[in-house]
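Since the structure comes first, as structure tokens, the remarks are kept for the end.
The values are calculated or read from the model by the stated rules, or taken from the named source; none is laboratory data. Predicted model, so just to flag it, every value in this text is computed and none were measured. Heads up, the Cβs are rebuilt from the backbone with ideal geometry, glycines too, and the neighbour counts pull from every protein chain shown. Protein only, heavy atoms only, side chains kept; ligands, DNA and RNA dropped before computing areas. Shrake-Rupley method; radii C 1.70, N 1.55, O 1.52, S 1.80 Å.
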Amino acid sequence: MKRSDFYPVILAGGRGTRFWPLSRKRRAKQLLALDGKRTMIQQTVNRLLPLAPVKRLWVITNDDLRRAIVRQLPTLRRLQVIAEPVGRNTAPAIGLAAFLLMRNDPEAVIGLFPSDHVIGDEKRYRETISRGVEIATAGENVVVLGVRPTRAETGYGYIETGGESTGRAWRVRRFTEKPDGQRAGEFVAAGNYFWNSGIFLWSARTLVNALREHLPKTTALLERIAGSYGSRKFGSTLRRLYPRCENISIDYAVLEPRSAKGEQASDIFCLPAEFGWNDLGSWTALHEHHTAKFKVADQNLIYGTGSFALDAEGNYIYAPGTFVAAVGVKDLVVVQTDDALLVTTRDRAQDVGRVVKYLDEKKMSKLV
């Protein structure tokens with residue numbers, strides 16, 4: 001892989017609502033240190049630096065988070081952190097990055113990376129990405145990293161693979177967004193489905209051509225925005241035109257219609273992500289990750305000034321500055337901040353985002 005042509009683009013605009021009350025509008029999940037001393041976005045940048053110099057890393061975020069991200073990533077120039085004036089999902093965000101990069105480097109290869117994942121084996125992670133870049137540059141190819149499913153998860157998109165290509169990459173038949181429990185079970189049993197990790201690799205030219213084909217109106221707007229980059233008009237052009245872009249994910253905008261062309265014609269490839277991937281999508285996922293990582297016998301994770309547990313197991317309790325006593329409770333999630341307290345179960349932790357929706361509806365802005 002030519003290191004000079006690879007541009008990691010980190011998407012960091014999400015709110016992380018399922019990590020409320022710790023994750024907030026201006027301090028979202030990617031800005032939290034959930035798995036070590038460094039925050040999630042700092043870990044993402046550090047694991048990518050061996051693949052590309054810092055001047056080639058880009059971050060797409062929003063106005064609420066941009067200032068904090070700039071503080072957390074002091075080696076990035078401010079111009080490398082682009083803030084969407086309004087959220088428009090992943091297709092406009094990565095499309096804007098593609099047009100910006102093509103202006104300066106027509107041979108640019110883009111890696112699209114979520115900002116809040118955990119990777120167990122970073123060496124193998126980088127080897128997989130390098131292999132993916134090779135496939136992406138061998139033609140008008142799209143590469144997605146897929147995770148072998150371990151359960152019938154309904155919170156992830158699925159990738160159906162067909163025939164194996166070179167280098168352990170599989171041709172993609174189709175993408176399916178977040179199936180119900182029955183279909184998810186069928187996918188897992190079939191053996192040729194992967195979870196969609198949200199990590200994609202393609203040349204900027206391939207992505208731009210795909211957007212022109214499948215999302216022409218938004219593409220025209222993105223081209224105009226990118227044309228103003230570097231001038232005084234960029235900020236005002238972005239604020240004026242970006243809200244007119246379609247609110248659509250890259251999966252729906254490009255990958256699904258492209259895969260509909262057929263396994264051979266779509267040129268979409270899936271590389272197995274066999275490097276200990278975890279998206280830490282909820283308090284439950286964080287609990288499972290940490291109990292496995294730290295080999296906790298009773299599966300109690302209690303964060304406070306001190307703790308006492310009696311006939312308690314499988315609990316995640318976060319109460320900094322507080323002595324915690326857990327007696328006769330099982331599989332709870334308790335998270336305390338200065339202004340809020342969350343009490344739920346590990347089974348229902350996926351529903352925490354509904355709290356944020358309620359707070360938004362009631363205009364309780366101080367709590368979101």
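Hydrodynamic analysis of the range 237-365 uses the Kirkwood radius over alpha carbon pairs. Inserted into Stokes-Einstein at 37 °C and 0.692 mPa s, it gives a translational diffusion coefficient of 176 µm²/s.
On a straight-distance basis, which lysines could pair with K55 in a cross-link, Cα separation under 27 angstrom, same-chain partners fewer than 8 positions away excluded? Those lysines meeting the cut-off are K2, K29, K37, K123, K233. Per residue, the chain exposes an accessible area of 46 Å² to a 1.4 Å probe, with every protein chain left in place. In order along the range 249-254, the Karplus-derived 3J(HN,Hα) couplings, from 6.51 cos²θ - 1.76 cosθ + 1.60 at θ = phi - 60°, round to 7, 5, 5, 6, 6, 10 Hz, and Gly and Pro are given as x. Considering only G281, G185, G16, the mean-square fluctuation computed in a Gaussian network model of the chain, springs between alpha carbons under 10 angstrom, is largest for G185.
Please report the antiparallel percentage of the DSSP beta bridges confined to the range 249-368, to the nearest 5.
Values: 5 of 17 bridges.
Here the share of antiparallel DSSP bridges comes out near 30 percent.
Looking at the chain, the DSSP beta bridges with both ends there are about 45 percent antiparallel. To the nearest Å, what is the center-to-center distance of the range 308-368 and the range 23-62, using C-alpha atoms only? About 25 Å separates the Cα centre of the range 308-368 from the one of the range 23-62. Modelled spin labels at R78 and R148, positioned 7 Å past Cα toward Cβ, are 4.8 nm from each other.
Taking Rh as the Kirkwood radius computed over C-alpha pairs, what is the Stokes-Einstein D of the range 1-99 at 20 °C in a medium of viscosity 1.002 mPa s, expressed in µm² per second? Before the final figure, lay out the partial values.
Values: Rh = 13.9 Å.
It comes out at roughly 154 µm²/s.
At an R0 of 35 angstrom, the distance between the Cβ atoms of L49 and N192 translates into a FRET efficiency of 0.50.
In summary, the aspartates and glutamates within cross-link reach of K366, defined as a Cα separation below 14 angstrom excluding same-chain residues under 8 places away, comprise D64, D338, D339.
Which whole-number percent of Cα pairs in the chain have a distance greater than 39 Å? Please list the in-between numbers first.
On the way: 11188 of 67528 pairs.
Cα-Cα pairs of the chain separated by over 39 Å account for 17 percent.
What ratio of Cα Rg to 2.2 N^0.38 Å holds for the range 320-368?
Working: Rg = 12.9 Å, N = 49, 2.2 N^0.38 = 9.7 Å.
Against the compact-globule rule of thumb, the ratio is 1.33.
Taken over the range 186-291, the percentage of Cα pairs per 5 Å bin, counting from 0 up to the bin with the maximum distance, is 2, 9, 14, 16, 16, 13, 11, 11, 6, 2, 0, 0. On the chain, 49 percent of the accessible area sits on carbon and sulfur atoms, based on a 1.4 Å probe.
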